[in-house]
Amino acid sequence: MPTTSEVVDRQVSIGRSANRRAELLAARIEEGAANLAAFAAKLSDAEWNTRLSATDHRPIGVIVHHVASMYPIEIGVARRIASGNPVSDVTWEVVAQLNAKHAHDNSRVSKSAALDLLRQNSREAAAVVRAFSDHELDTATPLSLSFGAPMTAQFVIEDHALRHSWHHLAAIRKALGR
């Protein structure tokens, strides 16, 4: 949880930001990543290696690394939409393949490596989001993940880069009964 001085610093930063909406989105990305990192940092080795669920067999550590690894992709999709380019090559089948490959390639990821990547990639994602203009956030183009419906860049940021850490932290807490 952020300290009082961090909250005040963030509020001052928002006041100076060129785009309040973008700043608030970026701050929520950082908050979600920080919450996930703080929780994951306290996990025992056994908990780190616990499978997430009966339907998602990835270990919790792989899930944390997965969230970190997805930030560049999720922000890349938002940037494409913000620039007015439709996204037709990102489908749920592609996502499933990407997730399976990631789980295979990172099956023994260390806690320190996953947490370092989570901090780095969330910070970088937030920096990119801070640079979005209102016009870019409001730009909508067809998105294959939404069955070709025109989605705004802000929706993609909120539904993917922002929500991702919150979603997986809730699933991890459930898996561990916390």
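Rule-based calculations on the coordinates, nothing more; no lab input. Please read these numbers as outputs of a predicted model, since none were measured by experiment. Here Cβ is always computed from backbone atoms with ideal geometry, including for glycine, and neighbour counts include all displayed protein chains.
Among the numbered conditions (1) out of contact with any strand residue (DSSP E or B) (no Cβ under 7 Å at 6 or more places or on another chain); (2) assigned to a helix (DSSP H, G or I), tell me where Asp56 comes up short.
If we test Asp56 against (1) out of contact with any strand residue (DSSP E or B) (no Cβ under 7 Å at 6 or more places or on another chain); (2) assigned to a helix (DSSP H, G or I), just (2) comes out false.
Does Glu74 count as crowded, with 20+ Cβ neighbours inside 10 Å and charged (D, E, K, R)? Before the answer, list the steps.
Details: crowded, with 20+ Cβ neighbours inside 10 Å: yes; charged (D, E, K, R): yes.
For Glu74, the condition - crowded, with 20+ Cβ neighbours inside 10 Å and charged (D, E, K, R) - is met.
Take segment 71-127 and flag every residue that is of a type in the set (Asp, Glu), under 20 Å from Gly32 (Cα atoms) and in contact (Cβ under 8 Å) with a residue 12 or more places away in the chain.
Glu74, Glu124
If you go through segment 95-113 one residue at a time, do you hit one that is touching a helix residue (DSSP H, G or I) at 6+ places or on another chain (Cβ under 7 Å), more than 23 Å from Leu169 (Cα to Cα) and charged (D, E, K, R)?
no
Please work out which residue is nearest to Arg108 (Cα to Cα), limiting yourself to segment 38-53 and to residues that are not in a helix (DSSP H, G or I) and not hydrophobic (A, V, I, L, M, F, W, C).
For segment 38-53, the residue satisfying everything is Asn49.
Out of everything in segment 137-159 that is in a helix (DSSP H, G or I) and surrounded by 20 or more Cβ atoms within 10 Å (Cβ to Cβ), what residue ends up being nearest to the chain's Cα centre (by Cα)?
The residue in question is Ile157.
Only residues in segment 26-53 that are free of Cβ contacts under 8 Å to residues at least 60 places away in the same chain count as the first member; pair them with residues that are hydrophobic (A, V, I, L, M, F, W, C) and surrounded by 21 or more Cβ atoms within 10 Å (Cβ to Cβ), Cβ under 8 angstrom, at least 6 apart or cross-chain, and list the lot.
Asn49/Ile60
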